[in-house]
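**Student:** Following this message is one structure expressed as structure tokens.
Since every read-out is calculated from the coordinates, none of them should be taken as a lab result. Bear in mind that the values here come from a model prediction, so they are computed numbers and not experimental data. FYI the Cβ positions are ideal-geometry reconstructions off the backbone, even for glycines, and counts take in every protein chain you see.
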């Protein structure tokens, strides 16, 4: 609430315009009963913002503010992978919801060679293929699609809160589990202390709700909003 008030005082007209779009315009365009047209929503959003962090982060924050939040979360993610013994230089890694390439850039810096990105829209794929030659990208909805092959590590960061029905969450987690090798790790965020529906395209899920969709997994580490889980 305090951050929302700061944004309102800093940019009252912009805040009002975003609220009108989120609460009135966008639900009419994308909402489908208790669900929404995720492919259309994210394709439109990515093309509207381009590769800026506003495409994937909080649209009410500045690029610097989003960058700071992403950097803090990335530090947690890579710390968890290191403590889990994941050797990125040799790992086969899948990123679900690869977005504008934020994590791909940091993975490349750490020597990752075997990378597969999966996203519900291919809006950024031409840019990503140019920036990251050798990395592979596929268009698909994780709640409906899965890829061939097995991965040693999966990143699913800032994805599950945009899956808003129980059935689609269960399906998404089943597909992720099926693409993971035995002993592989999954880093998943955000996991909320209490589950609730927010905007038409946002629902927060608890650890208990996530774990119901991942039988045979155990939590190896909790860090902030993130979990690192290992497949038995």
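**Student:** Quick check: pseudo-label points 7 Å beyond the Cα along Cα→Cβ at residue 32 and residue 84, how many nm apart are they?
**Tutor:** Modelled inter-label distance: 3.1 nm.
**Student:** Contact order normalised by length for the range 58-215, with contacts defined as Cα pairs under 8 Å and 6 or more residues apart; what percent is it?
**Tutor:** It comes to 19 percent, rounded to a whole number.
**Student:** Let me ask another. Tell me, 58, 162 in order of fewest to most beta-carbon neighbours within 10 Å?
**Tutor:** 58, 162
**Student:** Ok, one more. Hey, how many Å between the Cα centroid of the range 153-232 and the Cα centroid of the range 76-144?
**Tutor:** 17 Å
**Student:** Computed over the Cα atoms, what is the radius of gyration of the range 110-226 divided by 2.2 N^0.38 Å, N being its residue count?
**Tutor:** Normalised Rg, Cα atoms only: 1.09.
**Student:** Per-residue counts of other Cβ atoms within 10 Å, averaged by peptide: what ranking do you get for 120-131, 169-180, highest first?
**Tutor:** Top of the packing list down: 169-180, 120-131.
**Student:** Rounded to the nearest 5, what % of DSSP beta bridges with both residues in the range 117-232 are antiparallel?
**Tutor:** The answer is about 55 percent antiparallel.
**Student:** For a quick check: sort 227, 147 by the number of other beta carbons within 10 angstrom, fewest at the front.
**Tutor:** Fewest to most other Cβ atoms nearby, the residues stand as 147, 227.
**Student:** What distance in nm separates the two pseudo spin-label positions at residue 72 and residue 148, each 7 Å out from Cα along the beta-carbon direction?
**Tutor:** So the label points at residue 72 and residue 148 sit 4.3 nm apart.
**Student:** A further question follows. Treat the range 58-97 as a sphere of radius equal to its Kirkwood radius over Cα pairs and apply Stokes-Einstein at 20 °C in a medium of 1.002 mPa s; give the translational diffusion coefficient in µm²/s, rounded to a whole number.
**Tutor:** Using the Kirkwood radius from Cα pairs, D works out to 179 µm²/s.
**Student:** Run the paramagnetic zone check for residue 223: 7 angstrom along Cα to Cβ, then residues of the range 179-200 with backbone nitrogen under 11 Å.
**Tutor:** 187-188
**Student:** Hey, what number do you get for the chain at 222 nm if only DSSP H runs of n ≥ 4 count, each worth -39500 (n - 2.57), divided across all residues, to the nearest 500?
**Tutor:** Helix-only estimate at 222 nm: -11500 deg cm²/dmol.
**Student:** Right, another one. Expressed in nm to one decimal, what extension gain is obtained for the pair residue 136 and residue 174 from 0.36 nm per residue of sequence separation less their Cα-Cα distance?
**Tutor:** 11.5 nm
**Student:** Return the percentage of antiparallel bridges among DSSP beta bridges fully within the chain, rounded to the nearest 5 %.
**Tutor:** DSSP beta bridges in the chain are roughly 40 percent antiparallel.
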